[in-house]
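Here's the structure, in structure tokens; my notes come after.
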């Protein structure tokens, strides 16, 4: 695993980015994201009939000249964004080691968090574990990046994850809709992750799904011969004859599994991206994620 | 196709052992993986069975083939062409009478011979040989296989031990001289180093056995008419046996004893006070492997009186022995010894004299003038004190050695295996030897003249000496094969064998040598009967647990025998080593990287090695 990628240059590059949302949310403060409410931004929204007391500066004098009726221009309100970053912290995220999978996943989460914090928006980190897991408070402003780092650093992946139930626990306490970023290996049955993503959709969140896998999972380095595989989450054991054919079969299954996730996300209006942890984080953040339309 | 060393084929039974390292190696390595989701989906690969599917690599089959070829090569396979000129050598020694599930080994050998002669074909020429009493051909003209089989079917074993034969040399010589293409040897001995031209067909398995190995009948003492007997039984097995020992004469049981014989030990049963009979039989009541040695025969001592021939330059000293009741003494000078007929004497006493060679009769040597094959003589000493004596022993019984002080003596230095009976600080004074059942005693002092009560310790010793020789006289039996001396044959003399066959003796026959069967031989001579006992006297025949193997070194130089055999085991050996080389290059597990064998196989092997 590479050393700490959060160099000054990397951070300054992140500051240039802004998350893109496909939905309008009710923010709490003025920000840079459009809100369904009318406000005072520069972005024109609609016209309405003049009523006494309206600010005369918003009267559209051109319409008055053509129709002899007074209309005032209504503008969109621009608000700040509430983002929720969900990081899978189950035992499978520690395979083959915490440094090779969970840490890169948390780096992705931190990079996206920094983008949000740099735009004076709100970010809240959630660790998805068996039960409810942990969640940070809302952070705002780039100075809170340290808190984000400490929060993710304190996490220790372990246990079995039921995505929908864990997400449900976190979403119970969610008050403001916003952008949800789910970072997981998605090594779970299709029904399970679909249920979880549908739950996020039900809360009117703009969802991004980032699938993280280590190189060892993409291309398992097992020796040929008889092996007994033990599931890191439920300790189930499976005996297997590992050879070239088995390797090809596994990779085919993985490709099919990933395609199913991608397909579901596409159909559900969810941004999806796949990150293998031996790739450069900068390349992923600055090339892959913009390509799927995550940034403006 | 035949195998010269078929024992090696048992190695094939060990081939499945090759699976063991593969089964151990294929014990699955336990590896933790993030999720088994995708493996479970490919369920066809997973196995719920404990051992899973046995998936053997090509290396296993390569090694299996290598081992198979190696075992096949070791068994020395040969393609044989049907031989036409063969010799059949049948072991007819006593041990071939041993029973194998109720059938004698000799009968089993005959059965196997039928199979063997089938190989020869009807056009074959066969000679039949027996091994005892010596290796000799039976047929004068060449036999057909059917004739040879008929001849062998009528053969019987002899109650003889194995003849001393260097089988390897003898077979080689036969093959060369008689141009035999193959020699079949049927025996109960195991074989080592079987050759292409010589086939040893072994019958019988090692087993325990009980044997009567000793049977002596003698008088109680010089003056006692009653008889004594001792029967020695040896247990050639690994467990204690209890047997009933019976003493028989004329078909009637005189006495019997129960005897326990420990494993691999001997025990002796003694019988006293029975009447004199011409011949006796000792029998043990057991159903063991070899019935032959459950019997032993002996004849009674020839006379109650001891006839002594004294050869001495001092006749007066020797004549004193006549004062002992039951002793007949003839005294001659040493010069007359060669001309004297010595038959019928129970003891020869050489007093200050010695013969050129050991006599056939038991002999007492008193202060021989020079060293002999039995003893060397030391310097003379006087009034020597006896320091040690063997006890209990018939020669030292009742002798008060504190009063036993010879005035003149010469210490003896034994030159052969025997027993020192009396010893002084300077050396032995009495040395006893028993050779071929004949007793010899050498004294380093002079017990003569016999003075009765005037020198009681010495007189007691002299009487013991006469008793000791009397013990061994008369009832002595000899081994089967030992000829019976036939002196002065008259017309009408005959000899009856143990089988009941009566043979008319002719003048000029000095010996009757066909004593191949155990038992009592009765000679009718001038209306009187003389008895001779012959017994199996070879412990090697009775000990059926270990037979000396027939060692064949295979230096038969007969080209004809090679022509009927094509030995291809060297090719198999070569093929197996080629396979070994292939295995080495394809799977070079023991190579090191420095060897530079950086082939794909090498890397794979190296990885396997490092992953263990």
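The values are calculated or read from the model by the stated rules, or taken from the named source; none is laboratory data. Because the structure is predicted, anything quoted here is derived from the model rather than measured. Backbone-built Cβ (ideal geometry, glycine too); neighbour counts: all protein chains shown.
Things worth noting here:
- Hits in the range B:408-421 - residues which are closer than 20 Å to residue B:464 by Cα and surrounded by fewer than 16 Cβ atoms within 10 Å (Cβ to Cβ): B:419
- Search result, residues across the range B:505-528 that are modelled with pLDDT of 85 or more and in a loop (DSSP other than H, G, I, E, B): B:505, B:513, B:514, B:515, B:516, B:517, B:518
- Residue within the range A:230-244 that is assigned by TED's automatic domain parsing to the domain that holds residue A:193, part of a helix (DSSP H, G or I) and over 30 Å from residue A:22 (Cβ atoms) present: yes
- Some residue of the range A:257-269 being touching a helix residue (DSSP H, G or I) at 6+ places or on another chain (Cβ under 8 Å), modelled with pLDDT under 95, over 30 Å from residue A:21 (Cβ atoms) and surrounded by 15 or more Cβ atoms within 10 Å (Cβ to Cβ): no
- Residue within the range B:529-543 that is away from chain A (no Cβ under 14 Å), modelled with pLDDT under 75, farther than 30 Å from residue B:494 by Cα and part of a loop (DSSP other than H, G, I, E, B) present: no
- Going through (1) within 14 Å of chain B (Cβ to nearest Cβ); (2) crowded, with 23+ Cβ neighbours inside 10 Å one by one, residue A:109 falls short only on (1).
- Applying the criterion of being surrounded by fewer than 18 Cβ atoms within 10 Å (Cβ to Cβ) and assigned to a strand (DSSP E or B) to the residues of the range B:422-435, the residue that is nearest to the chain's Cα centre (by Cα) is B:435.
- For the criterion of being on the phi < 0 side of the Ramachandran plot, in contact with a helix residue (DSSP H, G or I) (Cβ under 7 Å, 6 or more places away or on another chain) and either modelled with pLDDT of 90 or more or surrounded by fewer than 22 Cβ atoms within 10 Å (Cβ to Cβ) (or both), residue B:303 fails.
- Among the numbered conditions (1) surrounded by 21 or more Cβ atoms within 10 Å (Cβ to Cβ); (2) modelled with pLDDT of 90 or more; (3) under 30 Å from residue B:13 (Cβ atoms), the only one that residue B:131 does not meet is (3).
- Qualifying positions in the range A:236-256 - in contact (Cβ under 8 Å) with a residue 12 or more places away in the chain and within 10 Å of another protein chain (Cβ to nearest Cβ): A:239, A:240, A:241, A:242, A:243, A:250, A:251, A:254
- Positions within the range A:58-93 being part of a strand (DSSP E or B) and either closer than 30 Å to residue A:186 by Cβ or within 14 Å of chain B (Cβ to nearest Cβ) (or both), in sequence order: A:82, A:83, A:84, A:85, A:86, A:87, A:88
- Residue pairs meeting the criteria (Cβ under 6 Å; at least 6 apart or on separate chains; first more than 7 Å from chain B (Cβ to nearest Cβ), in the range A:217-235; second not in a loop (DSSP other than H, G, I, E, B)): A:218/A:276; A:224/A:242
- Take the conditions (1) in contact with a strand residue (DSSP E or B) (Cβ under 7 Å, 6 or more places away or on another chain); (2) at pLDDT below 90; (3) closer than 24 Å to residue A:91 by Cβ; residue A:234 misses just one of them, which is (1).
- Any hit, the range A:190-199, residues being surrounded by 19 or more Cβ atoms within 10 Å (Cβ to Cβ) and within 14 Å of chain B (Cβ to nearest Cβ): yes
Residue-wise test of (1) in contact with a helix residue (DSSP H, G or I) (Cβ under 9 Å, 6 or more places away or on another chain); (2) surrounded by 16 or more Cβ atoms within 10 Å (Cβ to Cβ); (3) not assigned by TED's automatic domain parsing to the domain that holds residue B:295.
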{"residue": "B:161", "(1), (2), (3)": "yes, yes, yes"}
{"residue": "B:168", "(1), (2), (3)": "no, yes, yes"}
{"residue": "B:172", "(1), (2), (3)": "no, yes, yes"}
{"residue": "B:179", "(1), (2), (3)": "yes, no, yes"}
{"residue": "B:184", "(1), (2), (3)": "yes, yes, yes"}
{"residue": "B:217", "(1), (2), (3)": "no, yes, no"}
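- Output for the range A:162-211, where each listed residue is touching a strand residue (DSSP E or B) at 6+ places or on another chain (Cβ under 6 Å) and in a loop (DSSP other than H, G, I, E, B): A:176, A:178, A:185, A:186, A:205
Quick grid of which residues meet (1) in contact with a helix residue (DSSP H, G or I) (Cβ under 9 Å, 6 or more places away or on another chain); (2) assigned to a strand (DSSP E or B); (3) at pLDDT 90 or above; (4) within 11 Å of residue B:211 (Cα to Cα):
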{"site": "B:244", "(1), (2), (3), (4)": "no, yes, yes, no"}
{"site": "B:248", "(1), (2), (3), (4)": "no, yes, yes, no"}
{"site": "B:260", "(1), (2), (3), (4)": "no, yes, yes, no"}
{"site": "B:292", "(1), (2), (3), (4)": "yes, no, yes, yes"}
{"site": "B:296", "(1), (2), (3), (4)": "no, yes, yes, yes"}
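- Scanning the range A:115-123 for residues that are within 14 Å of chain B (Cβ to nearest Cβ), closer than 30 Å to residue B:34 by Cα and crowded, with 19+ Cβ neighbours inside 10 Å turns up nothing.
- Of all the numbered requirements in (1) within 14 Å of chain B (Cβ to nearest Cβ); (2) surrounded by 21 or more Cβ atoms within 10 Å (Cβ to Cβ); (3) over 23 Å from residue A:131 (Cβ atoms), residue A:178 misses one, and that requirement is (1).
- Boolean, residue B:354 is under 24 Å from residue B:409 (Cβ atoms) and either part of a loop (DSSP other than H, G, I, E, B) or without any contact (Cβ under 8 Å) to a residue 40 or more places away in the chain (or both): yes
- One residue stands out among those in the range B:322-338 that are farther than 22 Å from residue B:371 by Cβ and modelled with pLDDT under 90: the one that is farthest from the chain's Cα centre (by Cα), which is B:323.
- Condition broken by residue B:553, with the remaining ones in (1) at pLDDT below 85; (2) surrounded by 14 or more Cβ atoms within 10 Å (Cβ to Cβ); (3) under 27 Å from the mean Cα position of the chain (by Cα) satisfied: (2)
Residues checked against (1) within 25 Å of residue B:279 (Cα to Cα); (2) touching a residue at least 24 places away in the same chain (Cβ under 8 Å); (3) within 28 Å of the chain's Cα centre (by Cα):
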position	(1), (2), (3)
B:444	no, yes, no
B:447	no, yes, no
B:456	no, yes, no
B:482	yes, yes, yes
B:485	yes, yes, yes
B:492	yes, yes, no
